[in-house]
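The values are calculated or read from the model by the stated rules, or taken from the named source; none is laboratory data. Everything quoted here is computed from the prediction, not taken from an experiment. Cβ: placed from backbone, ideal geometry, glycine included. Neighbour counts: every protein chain shown. Each accessible area value is taken on the protein alone, full model and side chains, heavy atoms only, with ligands, DNA and RNA left out. Shrake-Rupley method; radii C 1.70, N 1.55, O 1.52, S 1.80 Å.
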Amino acid sequence: MRPQRKFVLALALVLVSVPALSARAQGEAVPRGPTFGARALQALIDGIQFGVIIAITSVGLSLIFGTIHLINFAHGEFVTIGATFAFYLNAAAAGPGWHLIPAAVAAVAFGALLGGAVERGLWRPLRARGTGLINMFIVTIGLSLLLRHLVLVLYGTRPASFAQYDIQSTIGLGPASITPRDLTVTLLAVLVLLGIAMLLQKTRIGTAVRAVSANRDLAEATGIDVQRVVLFVWMLGGGLAALGGVFFGLVEIVTWDMGFKLLLLMFAGVILGGLGSAYGAMAGSLVIGVVAQMSTLWFPVDLQYAWALLVLIVVLLVRPQGILGQAERVG
Amino acid sequence: MSADEQEQEPVLAADDIVAGYVPGVDVLRGCSIEVRPGEVVGVIGPNGAGKSTLVKAVFGLLRVRGGTVHLRGEEVTNRPAHELVRRGVGYVPQLQNVFPALTVEENLRMGVYLRPKAYARRATAVEELFPLLADRRGQKAGAMSGGERQMLAMARALMMEPQLLLLDEPSAGLSPLHQDHVFDRCRMINSAGVAVLMVEQNARRCLQICDRGYVLDQGRNAHTGTGTALLHDEKVIELYLGTLARVR
Ligand SMILES: Nc1ncnc2c1ncn2[C@@H]1O[C@H](COP(=O)(O)OP(=O)(O)OP(=O)(O)O)[C@@H](O)[C@H]1O
Ligand SMILES: [Mg+2]
């Protein structure tokens, strides 16, 4: 990897770790179950659920990095905006009071449009002017701040829940349990991940995304309109981040900085899986989610993000290219 | 060549091209090149002369700072490469010429990205030219040897039925047998009516099969002539072919 990219990566990790680690974690401590085994199973279930939601948000981050080598520091804000936009449509006093399902669909569409808009209005012109990666990264930090505070002004600091599916009784799963809402969210998230895999593997645009990630110039030389593919990736990433935000708001709660706090885990998942590999981001996020939840079996819940970061560091020491990443080819 | 053919509009005309990678440093300093219909044109020159740079600039992968590029009379200077592909230009880069993580079939499909419906028909046609690809459709391109990748890269570039094929050192790093194979294919492709612009290290071989050749040196045209004329030019022999060439 080029030193410039490494530098940006290190900077991104530091920047995102400090606030995330000092903040209170968003997950819940696993309730004191009857036996350790039951609690472990519960933590595993919660971890998988948490992991697949992180995966949905981090796939876009990974694809954006894969195609234009930009670390989108503002990706967490796409998550927040998805959740708060859905909240506005669904449960805000001033909103139209839609049911959550159409509100979620609209939020995903809005996220995709937002992703497309920043690509067309910001990143494409900057790339055309030959702006360096470090400068672009700093612009993403600025964009993140801007969007976050825009949400703060429009949404406020009060955590809130959606109007539907809020309180539910649980279904037993052996010694553990899950609410129908959480089960549905988890299954939907898994379906979405499978859908993304199919898209990347089987469709023309998906293959083009992989081609652009592999070699941008060659893709262009082959006849692929690389700018269009990059636009597609931003829209896909924006839409998925918004969907992840709605899911996260459903199983936890909607707050103005939820996405920013999640960003550390998204980064961890992406890096853990091997930068730029979409499947790696999925696998890495799942690991991060499970580790974060399982750690609460032994340690205070406020430390769960720190454990995720620790796993990341350990894995990178052992396997610098990430779980599914290919070692950089020499020659 | 008949006078009639010479009258024809060139497939590719690049005039006075100035281009470079780093701001303020021009690698090409006024380079001109022309390819007429049905021709095989060779570009030779020492390492670092700017041969690859010229091809990239012509093809829209590198910004042209001065000069113009015309395709069959239409100006295409600084148009994006995918647009040139649509206008019938194929390009095989010197290095990294396939998508390693994609299968052979996916590589070929990307070659016809702009016209996906033509895939089946074109795949059959290029597999006739490169039979080894037919048995390897499902294999990852990254698992192929250098020679096989070269075949795949040429096949991919031919998927859109180009009228002009740009080849950057197609024989580099190949065994003599594979080099023969590549030059053979170039001839076959050319005899089907495709004009070929070929950059080659293997200058002698290249000039032998070329209609015309250009010798590039330090970003400028140094010599131009028919393949045979360049092959016997004392200066060209001295500077670029090596004195061993005289032995023949
Ligand atoms: N990506 C790049 N960035 C900066 N400079 C470059 C780049 N590629 C090539 N150059 C420079 O441009 C000059 C011409 O390079 P080019 O690749 O066109 O040479 P070439 O004639 O194709 O040589 P070879 O026979 O070795 O392939 C060289 O001095 C090289 O250092
Ligand atoms: Mg070269």
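Descriptive notes on the structure:
- Of the criteria (1) out of contact with any Lys or Arg (no Cβ under 6 Å at 6 or more places or on another chain); (2) within 14 Å of chain A (Cβ to nearest Cβ), which one residue B:159 fails: (1)
- Region B:57-112 - residue that is aromatic (Phe, Trp, Tyr) and within 24 Å of residue B:201 (Cβ to Cβ) and, of those, nearest to the other protein chains (Cβ to nearest Cβ): B:91
- Residue tally, condition within 16 Å of ligand 2 (Cβ to nearest atom) and surrounded by fewer than 24 Cβ atoms within 10 Å (Cβ to Cβ), over region B:29-38: 1
- One residue stands out among those in region B:162-175 that are within 16 Å of ligand 1 (Cβ to nearest atom) and among the small types (Gly, Ala, Ser): the one that is nearest to the other protein chains (Cβ to nearest Cβ), which is B:173.
- Restricting attention to region A:244-259, the residues that are of a type in the set (S, T, N, Q) and open to solvent by 30 Å² or more (accessible area, probe 1.4 Å) total 0.
- Test: residue in region B:39-51 that is within 14 Å of chain A (Cβ to nearest Cβ), open to solvent by 40 Å² or more (accessible area, probe 1.4 Å) and within 16 Å of ligand 2 (Cβ to nearest atom): no
- The requirement of being open to solvent by less than 20 Å² (accessible area, probe 1.4 Å) and more than 10 Å from chain B (Cβ to nearest Cβ) is not satisfied by residue A:231.
- Selection within region B:143-152 - surrounded by 19 or more Cβ atoms within 10 Å (Cβ to Cβ) and not in a helix (DSSP H, G or I): B:144
- Considering residues of region A:107-165 that are under 20 Å from residue A:227 (Cα atoms) and basic (Lys, Arg) only, the residue most open to solvent (accessible area, probe 1.4 Å): A:129
- All of B:89, B:76, B:69, B:85 fail the test of being in contact with a Leu (Cβ under 8 Å, 6 or more places away or on another chain), without any contact (Cβ under 8 Å) to a residue 24 or more places away in the chain and away from ligand 2 (no atom under 16 Å from the Cβ), apart from B:76.
- Being assigned to a helix (DSSP H, G or I), touching a strand residue (DSSP E or B) at 6+ places or on another chain (Cβ under 8 Å) and crowded, with 22+ Cβ neighbours inside 10 Å is a description that does not apply to residue A:211.
- Filtered by the rule that a residue be part of a strand (DSSP E or B), within 16 Å of ligand 1 (Cβ to nearest atom) and either among the aromatic types (Phe, Trp, Tyr) or crowded, with 18+ Cβ neighbours inside 10 Å (or both), region B:176-221 gives B:197, B:198, B:199, B:213, B:214, B:215, B:216.
- Scan of region A:209-228 for residues that are within 9 Å of another protein chain (Cβ to nearest Cβ) and hydrophobic (A, V, I, L, M, F, W, C), ordered by number: A:211, A:214, A:218, A:219, A:221, A:224, A:226
- Filtering B:72, B:115, B:109, B:121 for residues that are more than 14 Å from ligand 1 (Cβ to nearest atom), within 20 Å of residue B:194 (Cα to Cα) and modelled with pLDDT of 95 or more leaves a single hit, B:121.
- Of all residues in region A:182-208 being open to solvent by 30 Å² or more (accessible area, probe 1.4 Å) and not hydrophobic (A, V, I, L, M, F, W, C), the one that is nearest to the other protein chains (Cβ to nearest Cβ): A:204
- Every residue from region B:101-142 that is of a type in the set (Gly, Ala, Ser) and outside any helix (DSSP H, G or I): B:101, B:138
- Selection status of residue B:98, assigned to a helix (DSSP H, G or I), crowded, with 18+ Cβ neighbours inside 10 Å, at negative phi and among the β-branched types (Val, Ile, Thr): no
- The residue that is farthest from the other protein chains (Cβ to nearest Cβ), counting only those in region B:113-142 that are open to solvent by 40 Å² or more (accessible area, probe 1.4 Å) and touching a residue at least 40 places away in the same chain (Cβ under 8 Å), is B:140.
- Residue A:293 falls short on exactly one of the conditions (1) open to solvent by less than 30 Å² (accessible area, probe 1.4 Å); (2) within 14 Å of chain B (Cβ to nearest Cβ), and that condition is (2).
- Among the residues of region B:226-243, those identified as on the phi < 0 side of the Ramachandran plot and outside any helix (DSSP H, G or I) are B:226, B:233, B:243.
- Qualifying residue in region A:151-173 (condition: charged (D, E, K, R), out of contact with any Ser or Thr (no Cβ under 7 Å at 6 or more places or on another chain), modelled with pLDDT under 95 and over 21 Å from residue A:238 (Cβ atoms)): yes
- Here A:283, A:306, A:241, A:221 are screened, and the one residue that is in contact (Cβ under 8 Å) with a residue 40 or more places away in the chain and open to solvent by less than 10 Å² (accessible area, probe 1.4 Å) is A:241.
- Sole exception among (1) open to solvent by less than 30 Å² (accessible area, probe 1.4 Å); (2) within 16 Å of ligand 2 (Cβ to nearest atom) for residue B:173, by number: (1)
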